[in-house]
Amino acid sequence: MSTVVFFPEGAYGPTNNCVGIGQVLVERGHRVVFVVEESFAGSLEAQGFEERLMRLGSPPEVEEEPGQFWKDFIRDTAPVFRKPTIEQLSEFVEPTWRALCDGARYVDDRLREIFDEVQPDVIVEDNVLCFPAIHHSGRPWVRIVSCNPLEVKDDQIPPVFSGYPAGDRTGWEDFRAEYTRTTAELQFFPVQVGRLHAGLFGGGGIAYRFEDAVKLSGTEVIAGNESSGALVGGAMFQLDIHTRIALTARLGIADAHGEQMHDAIFGLSVY
């Protein structure tokens with residue numbers, strides 16, 4: 001008999017998807033344990049599975065329904081879906097990833113505790129990101145991609161979240177570049193000390209400068225407009241004040257057209 005842990009997203013779709021697989025495993029004599037949010041307490045036990053409960057954020061002041069966090073999140077961000085998908089990247093996709101990353105940080109200690117106690121032979125997650133605690137457990141793990149199969153990247157299919165047609169590659173590369181830009185901060189926060197997160201970022205591209213004036217090159221008069229390679233880099237710092245609020249600082253440098261530009265941005269981030 002093997003012990004299989006299922007860790008679905010806190011929503012009915014991924015949970016029910018794992019239930020179907022779990023029922024087959026139980027029928028074959030295996031032990032199945034579900035790691036679910038507290039709002040799902042009792043729902044998996046009623047179907048014959050073991051449960052281990054966890055939270056992805058601070059407890060609410062009032063009792064919540066299963067998946068209530070995401071119901072509220074979708075309600076609040078619904079107006080964004082009237083815009084082109086490339087604009088949704090900064091206004092919906094990045095905040096969604098940020099909320100998921102915040103949840104992964106919040107629940108990390110609890111997940112490690114569960115995996116140490118249950119001692120699974122394999123962990124099956126149906127989530128849209130991989131939780132560090134899964135990797136840290138050293139256990140074999142499998143990811144189910146029921147939320148959006150396009151997350152399995154392939155150069156022959158449109159970019160995930162784009163909604164672009166498969167038969168027309170127009171805009172694919174622009175969308176991928178914008179996705180990389182909008183999620184860069186999340187990708188480069190590898191250091192965490194308590195509530196402080198820090199990391200480096202970098203990138204390259206092409207800069208084009210438009211000028212009304214002309215410039216002289218010997219006896220030749222040429223237009224002032226010109227393109228140049230561009231390199232950017234710097235450091236980012238974030239101090240969590242609350243699960244949804246943080247102080248953020250960004251120190252950057254860019255090199256283009258043979259000139260260097262520096263910037264320093266400080267602000268309050270609300271997720």
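Screening the candidates Val5, Val19, Val33 for the property of being in contact (Cβ under 8 Å) with a residue 24 or more places away in the chain and within 23 Å of the chain's Cα centre (by Cα) yields one hit, Val5.
Is it the case, given these coordinates, that Phe131 is more than 15 Å from the chain's Cα centre (by Cα), under 25 Å from Phe49 (Cα atoms), hydrophobic (A, V, I, L, M, F, W, C) and assigned by TED's automatic domain parsing to the domain that holds Leu56? No, not satisfied.
For beta carbons closer than 6 Å, sequence separation of 6+ or different chains, a first residue in the stretch 250-265 that is without any contact (Cβ under 8 Å) to a residue 12 or more places away in the chain and a second that is not hydroxyl-bearing (Ser, Thr, Tyr), the qualifying pairs are Met261/Ala254; His262/Ile253. Remark: Ala78 matches the filter, which requires a residue to be loosely packed, with under 12 Cβ neighbours inside 10 Å, in a helix (DSSP H, G or I) and either of a type in the set (Lys, Arg) or assigned by TED's automatic domain parsing to the domain that holds Asp126 (or both).
When only residues in the stretch 45-63 that are surrounded by fewer than 14 Cβ atoms within 10 Å (Cβ to Cβ) and part of a loop (DSSP other than H, G, I, E, B) count, which is farthest from the chain's Cα centre (by Cα)? Top of the filtered list is Gly48. Tally the residues that are under 16 Å from Glu51 (Cα atoms) and of a type in the set (S, T, N, Q), restricting the search to the stretch 105-128. Qualifying residue count, the stretch 105-128: 1.
Whether any residue in the stretch 137-149 is assigned by TED's automatic domain parsing to the domain that holds Asn16, in contact (Cβ under 8 Å) with a residue 24 or more places away in the chain, under 17 Å from the mean Cα position of the chain (by Cα) and assigned to a helix (DSSP H, G or I) is what I want to check. No; the residues of the stretch 137-149 include none that is assigned by TED's automatic domain parsing to the domain that holds Asn16, in contact (Cβ under 8 Å) with a residue 24 or more places away in the chain, under 17 Å from the mean Cα position of the chain (by Cα) and assigned to a helix (DSSP H, G or I). In the stretch 54-75, is there at least one residue being in contact (Cβ under 8 Å) with a residue 40 or more places away in the chain and basic (Lys, Arg)? Yes: the stretch 54-75 contains one or more residues that are in contact (Cβ under 8 Å) with a residue 40 or more places away in the chain and basic (Lys, Arg). Can we say Thr96 is over 18 Å from Val4 (Cα atoms), surrounded by 15 or more Cβ atoms within 10 Å (Cβ to Cβ), more than 16 Å from the chain's Cα centre (by Cα) and of a type in the set (Ser, Thr, Tyr)? Answer is no for this residue. Run Thr170 past the list (1) at pLDDT 60 or above; (2) surrounded by fewer than 12 Cβ atoms within 10 Å (Cβ to Cβ); (3) within 26 Å of Cys101 (Cα to Cα) and report the number of the one that doesn't hold. Every condition holds for Thr170 apart from (3).
The values are calculated or read from the model by the stated rules, or taken from the named source; none is laboratory data. Remember, predicted model here, so these are calculated numbers, not experimental data. Every residue, glycine as well, gets a Cβ built from its backbone with ideal geometry; the counts of neighbours run over all protein chains shown.
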